[in-house]
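Right, one structure below, let's go through it.
Just so you know, all these numbers are worked out from the coordinates, no wet-lab data involved. None of these values were measured; they are calculated from a predicted model. Cβ coordinates were reconstructed from backbone atoms using ideal geometry, including for glycine residues, and neighbour counts include every protein chain displayed.
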């Protein structure tokens, strides 16, 4: 977890040094300055969790630092604490009218200043969470209500018609038509998945959404997997198989079949995409009562010499909360597993890479 960062814009060198030491002792990174031009440069180049400043500090264009921060999209939500030699109500009101969040008297007590800083940081986290949830709810409402009609329905139509044309008598006699229909089908399928994953992402980030945890009674994981695998058993070229399956001890299971379908689809697709041509990816599914294990293994090359933990994308997969570099499919899969409490991990054995999802 990265450190919180503060910008300190204080004219008095002694106060500035004391604040810097106090914040660093409390594990807060500090950038400090005593004049407006340098402050403007810092504000333009960096992001901050909190700003502490003197009231008299002005920027080169004549505006005050507080107004500038509150009018800047990157910083308008950043809490600002003003340090003032006067704590009279009129001075406090002046600071608040400018946009400050709090005022602390100078000279200050370390505990008082840190209490004010911690209070503002915690409130900002809460307000940001509320704001983000409101945005996600709006995104989810848009995607959930409009996406199916505007995007998914036409894409399903493309997929269905393409399959239908490919099954018509005599089509196989037309040179390259099956290949062309295959490209259309695969492109439509990938677009459909992308649209669906955007909807799922919004759903997962909508606080209090009951849809995420809503269970479908008596779901058969075997049937969920079968519906996913159907897309990879190429209706346009019967007999072509892209994965090898092993299904063990499958019974009824209570869960969200839509989310499980996303997990199965994205992991299977990821394995197919990165497999060598010599060996089919191996899917293994086992479910007993309300526990299940799903894994998919693909062979890449026997010349793999890395350890999973040492390679940047895999390190991000296991540890980095930013999930940068995972790709949308793995990003969504990992997010679903975290939300649903499933174990999701990756391992390597020789040239084989395995993704595993467990619910125990």
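If the condition is being surrounded by 15 or more Cβ atoms within 10 Å (Cβ to Cβ) and within 12 Å of residue 66 (Cα to Cα), then the stretch 90-101 contributes 94, 95, 98, 99, 100, 101.
Counting residues in the stretch 89-106 that are part of a loop (DSSP other than H, G, I, E, B) and touching a residue at least 60 places away in the same chain (Cβ under 8 Å) gives one or more. Scan the stretch 261-285 for residues that are surrounded by fewer than 20 Cβ atoms within 10 Å (Cβ to Cβ) and within 16 Å of residue 246 (Cβ to Cβ) and jot them down. Hits for the stretch 261-285 are 279, 280, 282, 284.
Among the residues of the stretch 17-51, those that are assigned to a helix (DSSP H, G or I), within 29 Å of the chain's Cα centre (by Cα) and either touching a residue at least 60 places away in the same chain (Cβ under 8 Å) or surrounded by fewer than 19 Cβ atoms within 10 Å (Cβ to Cβ) (or both) comprise 42, 44, 45.
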